[in-house]
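Beneath this line is the structure, given in C-alpha cells, with notes to follow.
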Amino acid sequence: MWDWSHSQESGPLLIKNVHVSAADGLVDVLMDDGLIAKIGPSLTSVNHVIDAEGALMVPALVDPHVHMDAVLTEGFPEPNRSGTLLEGIERWSQRKAYLTEEDIISRAEEGIRWHIGHGVLKIRSHVDVCDPNLTALKALIKVREKIRPWVTLQLVAFPQDGVYCFPDGPELMEEAMRLGADVVGGIPHYEWTREDGIRNVELAFSLAEKYGKPIDIHCDETDDEHSRFLETVANLTRLYQMAGKVTASHTTAMGSYNDAYAFKLIRILSKAGVNIVANPLDNVVLQGRFDTYPKRRGMTRVKELMTAGVTVAAGHDSIMDPWYPLGTASQLFVASMLAHVGQLTGVEELHWAFDSITGAGAKVMELPAYGISEGSRADVALFDVPTTTDAIRLIPRPHFVIANGMLVAKTPVATTEVWWEQEPKAVSYLRPESNL
C-alpha cells in the first residue's frame, strides 16, 4: 500500500527527457510550487530530478464517475448472482446495514491508491445519501480533506433509492448539500412515476441554485426507450442558464430511442451545454439483460454526441462492487472499452477516446489549470509509450505519477523476453520503426 509520507518531499522537481506531445521531440519539464513552471530543452538541474527516458507525459487522468462508498464490497454479505442492475441495488441495500465510517474510509482510501497507481488524480464520486445518518457522505468528506493536497475528490449527493419513493428523500438531499457535498445528484428514472421523476430533476436544479453547485444526474440508465428525463435536464439547464455545469451520466436509454428523437435530443443537448458521462464497463454488462438476440450494447450514443460537439467523458463507475465484480481503477481500460463498444477506432476517434478520460473529464469536473503547459497544475502521469493511442492499446500503468509537483507513485516498466530462437529477444509490443 502507498505510504502517503512519500508525498511530503517538496521543492522544485525537474522531469528530463520527456515527450509532452507525440509529434514533438524530447524536452525537460520544471515543476515548482505545485505548477509547471517551464517546458524546454536542457533546463537547469535542481535537487530533485527524474529522467523519464523518453516517456510520454500526459495530464493526470480523470475518473468523472465512480462510487467510492461501494468500492471493494463485492460478494458481502451476498454476491450478485444474476449480474443485473436491479440485483446489484438489492445487494447494496443489504451491504448498507454494515456500513461504518471506518469501513468506508478504509475501502475508499485503498480505491484511491488504485486510482493513483493508474495515474488518476481527479475523481468525482457519487455517494449514496439514502441513509438517515449520511454515514458514507460524512466518511468521504474526511477522505476528501485528507487527500486534498494530491487528489481532487468531488462528492455527488446521490439518492440511490430515489428521492420521492424514499422516506425523507428531499430532506436528506438538502442535508447532504448543507454538510458539504460538492455536486447535486439525482436518479429520476428510479422514481415510481414519471411525475416524480420530473420532480427529482427539478429538485436537483433547485438545490444547485440554492447552494451554488453543479449537477450530475444518473439519467435514463435503462433500456426503456420511453425513459426520457434527459430532455427535462436539457430544458432546465437552459432555463437556469447552467451551460457546462450540468452532467447527465449513463443515459443508456438513448441507445434505444428512435433515430428521429435521438437526433432532436442530441441537438438540444449541444445547444443547452449539457455534459454526458458514459460508463462503458458497467453498462455493457448491466444493460440489454432482457434482450435475447441481437443484444443491445447498453451504451449511450457516444460517437453521435461527440460529433455534435457535446462534451463526453467516461467513468469507471464501479470497482469490485455489487454491480461490477471486476475493475482496477484503470481509466485506460475504460477508454479502451469506450473505443471498442462505441466503435471509436478511426484515427481522430481514438483521440476522442483518450480525451474522454482527460480533457473532457476535466471539463465535466470544471478543473482549473488542467493540462500540460506552463502555468498548469503539476499533476501528470508518465507512460512508457510513444502515443496516447498506444496507451489505450497497451493499457500500461504509468512509470511515474506526479501530484502537486511531487512524486506519488512509481511502477517499474514491465519487460518480456521471448526465447524460441537461440538468443532471448525483448518484446516491445510497439510498431517497428520501419513501419512508421
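The values are calculated or read from the model by the stated rules, or taken from the named source; none is laboratory data. Remember, it's a predicted structure, so these values are computed and weren't measured experimentally. Reconstructed Cβ throughout: ideal geometry from the backbone, glycine too, with neighbour counts over all protein chains shown.
Limited to the stretch 161-182, what total is found for residues that are buried (at least 24 other Cβ atoms within 10 Å of the Cβ) and either more than 15 Å from E202 (Cα to Cα) or not assigned by TED's automatic domain parsing to the domain that holds E209 (or both)? Number of matching residues: 2.
Please find, within the stretch 248-262, the residue that is farthest from H126 (Cα to Cα) out of those that are assigned to a helix (DSSP H, G or I) and either within 26 Å of the chain's Cα centre (by Cα) or of a type in the set (S, T, N, Q) (or both). Steps first, answer last, please.
Keep residues of the stretch 248-262 that are assigned to a helix (DSSP H, G or I), which gives 252-256, 259-262.
Still in the list and also either within 26 Å of the chain's Cα centre (by Cα) or of a type in the set (S, T, N, Q) (or both): 252-256, 262.
Details: T252: 18, A253: 20, M254: 22, G255: 23, S256: 25, A262: 27 Å.
Only one residue fits best here, namely A262.
Taken together, the criteria place E191 among residues that are surrounded by 23 or more Cβ atoms within 10 Å (Cβ to Cβ), in the same structural domain as I217 (by TED's automatic domain parsing) and over 30 Å from V120 (Cα atoms).
All of (1) in the same structural domain as A335 (by TED's automatic domain parsing); (2) part of a loop (DSSP other than H, G, I, E, B) hold for L43 with one exception: (1). Looking only at residues in the stretch 401-420 that are part of a loop (DSSP other than H, G, I, E, B) and surrounded by fewer than 18 Cβ atoms within 10 Å (Cβ to Cβ), the one that is modelled with the lowest pLDDT is W420.
Quick one: which residue in T300, T328 is buried (at least 19 other Cβ atoms within 10 Å of the Cβ) and either closer than 20 Å to T84 by Cα or in contact (Cβ under 8 Å) with a residue 40 or more places away in the chain (or both)? Going through T300, T328 in turn, just one is buried (at least 19 other Cβ atoms within 10 Å of the Cβ) and either closer than 20 Å to T84 by Cα or in contact (Cβ under 8 Å) with a residue 40 or more places away in the chain (or both): T300. Of the residues examined, E74 is one that is part of a loop (DSSP other than H, G, I, E, B) and either surrounded by fewer than 16 Cβ atoms within 10 Å (Cβ to Cβ) or within 26 Å of the chain's Cα centre (by Cα) (or both).
Within the stretch 170-187, which residues are assigned to a helix (DSSP H, G or I) and either among the polar types (S, T, N, Q) or touching a strand residue (DSSP E or B) at 6+ places or on another chain (Cβ under 8 Å) (or both)? Give the steps one after another, and end with the answer.
Initially, the stretch 170-187 is screened for residues assigned to a helix (DSSP H, G or I), giving 170-179.
Residues satisfying the conditions are M173, A176, M177.
Only residues that are part of a helix (DSSP H, G or I), among the β-branched types (V, I, T) and over 24 Å from N404 (Cβ atoms) were counted across the stretch 335-372, and they come to 2.
Checking the stated criteria, P398 turns out to be buried (at least 21 other Cβ atoms within 10 Å of the Cβ) and touching a residue at least 24 places away in the same chain (Cβ under 8 Å).
Residue check: is F158 aromatic (F, W, Y), within 21 Å of E90 (Cβ to Cβ), in contact (Cβ under 8 Å) with a residue 40 or more places away in the chain and crowded, with 17+ Cβ neighbours inside 10 Å?
Details: aromatic (F, W, Y): yes; within 21 Å of E90 (Cβ to Cβ): yes; in contact (Cβ under 8 Å) with a residue 40 or more places away in the chain: yes; crowded, with 17+ Cβ neighbours inside 10 Å: yes.
Here the answer is yes, as F158 does meet what is asked.
Being free of Cβ contacts under 8 Å to residues at least 40 places away in the same chain, within 25 Å of A409 (Cα to Cα) and either of a type outside the set (G, A, S) or in the same structural domain as N279 (by TED's automatic domain parsing) (or both) holds for only one residue in D63, D28, D69, and it is D28.
With the requirement that a residue be within 18 Å of N275 (Cα to Cα) and touching a residue at least 60 places away in the same chain (Cβ under 8 Å), what does the stretch 203-224 give you? Listed by number, the residues that qualify are P214, D216, H218, E221. Filter the stretch 267-281 down to the residues that are crowded, with 20+ Cβ neighbours inside 10 Å and in a loop (DSSP other than H, G, I, E, B) and list them by number. Residue satisfying the conditions is N279 alone. Using the structure shown, decide if K264 is farther than 25 Å from G346 by Cα, surrounded by 19 or more Cβ atoms within 10 Å (Cβ to Cβ) and among the charged types (D, E, K, R). Here the answer is no, as K264 does not meet what is asked. Can you find a residue that is farther than 22 Å from V120 by Cβ and in the same structural domain as A314 (by TED's automatic domain parsing) anywhere in the stretch 327-343? Yes.
For the stretch 95-126, enumerate the residues that are among the aliphatic types (A, V, I, L, M), in a helix (DSSP H, G or I) and over 24 Å from K363 (Cβ atoms).
Let us first name the residues in the stretch 95-126 that are among the aliphatic types (A, V, I, L, M), namely 97, 99, 104-105, 108, 112, 116, 120-121, 123.
Next, from what is left, pick out any that are in a helix (DSSP H, G or I): 104-105, 108, 112, 116.
Of everything in the stretch 95-126, those that are among the aliphatic types (A, V, I, L, M), in a helix (DSSP H, G or I) and over 24 Å from K363 (Cβ atoms) turn out to be I104, I105, A108.
Tell me yes or no: at least one residue of the stretch 360-375 is over 30 Å from L305 (Cα atoms) and either touching a residue at least 24 places away in the same chain (Cβ under 8 Å) or out of contact with any Phe, Trp or Tyr (no Cβ under 8 Å at 6 or more places or on another chain) (or both). Yes, the stretch 360-375 has at least one match.
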